[in-house]
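Structure first, commentary second.
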Protein chains: 2
Amino acid sequence: MADEIASVVDTRGRILDAAERLFAQHGLEATSMRMLSAAAGCNLASTNYHFGGKEGLIREVFRRRLTWLNRERLRVLDEMEAAATGRPLKPHLILEAFFGVALRMAADSEGGGATFMRLLGRTYAEPSQFIRNFLAEEYAAVLERFKRALFRALPAVPEAEIVWRLHFMLGAMSYAIAGTDALKLIAHCELDEANPAAALAPRLMSFLLGGLRAPLPAGCTAQRAKPDAKVRRSRRAA
Amino acid sequence: MADEIASVVDTRGRILDAAERLFAQHGLEATSMRMLSAAAGCNLASTNYHFGGKEGLIREVFRRRLTWLNRERLRVLDEMEAAATGRPLKPHLILEAFFGVALRMAADSEGGGATFMRLLGRTYAEPSQFIRNFLAEEYAAVLERFKRALFRALPAVPEAEIVWRLHFMLGAMSYAIAGTDALKLIAHCELDEANPAAALAPRLMSFLLGGLRAPLPAGCTAQRAKPDAKVRRSRRAA
DNA sequence: GTATGATTCAAACGATCGTTTGATCCGGGT
DNA sequence: ACCCGGATCAAACGATCGTTTGAATCATAC
């Protein structure tokens, strides 16, 4: 990870680091190429020379971290499936592989992973077409793998329902990572934690797992309805 | 609601409608005042005349819908608390008051409510400072009310934990509403539903409730640990 | 030392941004 | 009939955007 990221010596790396930081701070459109280049300590034309334009720069800022992130997700999932020797994985392990890797990256404040994850969370809501297409093709393969793993892990839940809930979980994580300051707005009382990013991971994990295994909505075409009803009744007591 | 919204006759209303639509489609910064005015069928200077600038226009686009939305949330909550006659409300009712109102607005595709909620969901991730301050003061009172209601409804859960989970729920909803097309990216198989916004509500609701009532993360300072352990054990069967 | 390709630079290009100006149009009150 | 304030208009302002140009600089191989 570290060998491809961040180098103080070469211009290209300094530009990427500055872009990542400023994109996360002000947004993609609000960050100008001049602002970028000044922060990287190089000329405006150099930025265009290395990346061929703003769009190329944006693509590269995401690519250098996303490829590692998604490869790591698949590696952890592969490892887990190998250890399970054919049996379906427990849902919490699948979530750990997908979201745990991302949350560990978000907790890495020195290496810039925290900055990037904040940027990534904000970019999920980006209306720009080329960003959507780019993120879609970066995520397509890994999402397909995790969808299949969840289908196997939750045979009682209709597949469409799992897709919906995967969507909800992605939203909760993106928003939680992107809006560390947004949480302060709704908190008013200071969360006493020293490192908010480290406190986030276990809390988000149990929230996501609870949402994933929630009783199905009424009128949903469940393949096995009885067990869900039992769970719903027992939860009423909590 | 309808009396303050949308009027085809006066310029001011046409500008607000056009701005709402284009902001949701291209984002706040990517939508220019000229684009706006052309879509509203009026002159560029008229837009500045009515709203005093782009910032004033943005503020008004959000204000006219947000004040109604939050007033309605409080009205429903008041109604529920009156019916409960002093007893703490069930959590699912509180979520219904907060998220149900928003989801009904998001399902109103004719009145423009769907457009606005898509815009609102995307704006939660907006890095701009003045937007954050504006949304914070619009939401401060209503969030405080719902936080207190949840504290009463879940006395066994530490208050800090509830704040975290409220944060997660807001993220899941924002993302779910803002990214109806983002869901298509991860789905690949077409969700057969005719109206995706109507299909969203019950699914999101049960997901949020499941997350809210999930077992607390390990090492969390629970005030009453025993009932949580029991719930965790019974859920393992699902 | 010198030629060569990669890199950085100051400067300018055309386009578009948000905002402002001053004239013009329109309806209701005296 | 006159006036006046609100509303709309075409036109321009200065600033900033992304991108391009052509010369200067650097490292490297011959």
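Points worth noting:
- Of all the listed residues (A:Leu135, A:Leu150), the sole one being crowded, with 18+ Cβ neighbours inside 10 Å, within 15 Å of the chain's Cα centre (by Cα) and of a type outside the set (Ser, Thr, Tyr) is A:Leu135.
- Restricting attention to the stretch A:12-41, the residues being within 12 Å of DNA strand D (Cβ to nearest atom) and either open to solvent by 10 Å² or more (accessible area, probe 1.4 Å) or of a type outside the set (Val, Ile, Thr) (or both) number 15.
- Within the stretch B:116-127, not a single residue is assigned to a helix (DSSP H, G or I) and over 30 Å from B:Arg12 (Cβ atoms).
- Summed over the stretch A:42-56, the residues that are open to solvent by 60 Å² or more (accessible area, probe 1.4 Å), under 30 Å from the mean Cα position of the chain (by Cα) and within 11 Å of DNA strand C (Cβ to nearest atom) give a count of 2.
- Close contacts from the stretch B:203-232, counting a first residue that is facing chain A (nearest Cβ under 9 Å) and under 13 Å from B:Phe168 (Cβ atoms) and a second that is at pLDDT below 70 and open to solvent by 30 Å² or more (accessible area, probe 1.4 Å), with Cβ to Cβ under 6 Å and a gap of 6+ residues or different chains, come to B:Arg213/A:Ala238.
- Residue list for the stretch B:42-55, filter: within 14 Å of DNA strand D (Cβ to nearest atom) and either aromatic (Phe, Trp, Tyr) or within 30 Å of B:Phe99 (Cα to Cα) (or both): B:Tyr49, B:Phe51, B:Lys54
- Look at the stretch B:31-50: where a residue is within 14 Å of chain A (Cβ to nearest Cβ) and of a type in the set (Val, Ile, Thr) and a partner is more than 6 Å from DNA strand C (Cβ to nearest atom) and part of a helix (DSSP H, G or I), sitting 6+ places away or on another chain with Cβ atoms under 7 Å, you get B:Thr31/B:Leu22; B:Thr31/B:Phe23.
- Within the stretch A:59-81, the residues that satisfy the criterion of being away from every other protein chain (no Cβ under 14 Å) and either near DNA strand D (Cβ under 10 Å from one of its atoms) or under 21 Å from A:Phe130 (Cβ atoms) (or both) are A:Arg59, A:Glu60, A:Val61, A:Phe62, A:Arg63, A:Arg64, A:Arg65, A:Leu66, A:Thr67, A:Leu69.
The values are calculated or read from the model by the stated rules, or taken from the named source; none is laboratory data. These numbers were taken from a predicted model, which means no experiment stands behind them. Glycine also receives a Cβ, built like all others from the backbone with ideal geometry; neighbour counts cover every protein chain displayed. Keep in mind that these areas ignore ligands, DNA and RNA; they rest on the heavy atoms of the full protein, side chains included. Shrake-Rupley method; radii C 1.70, N 1.55, O 1.52, S 1.80 Å.
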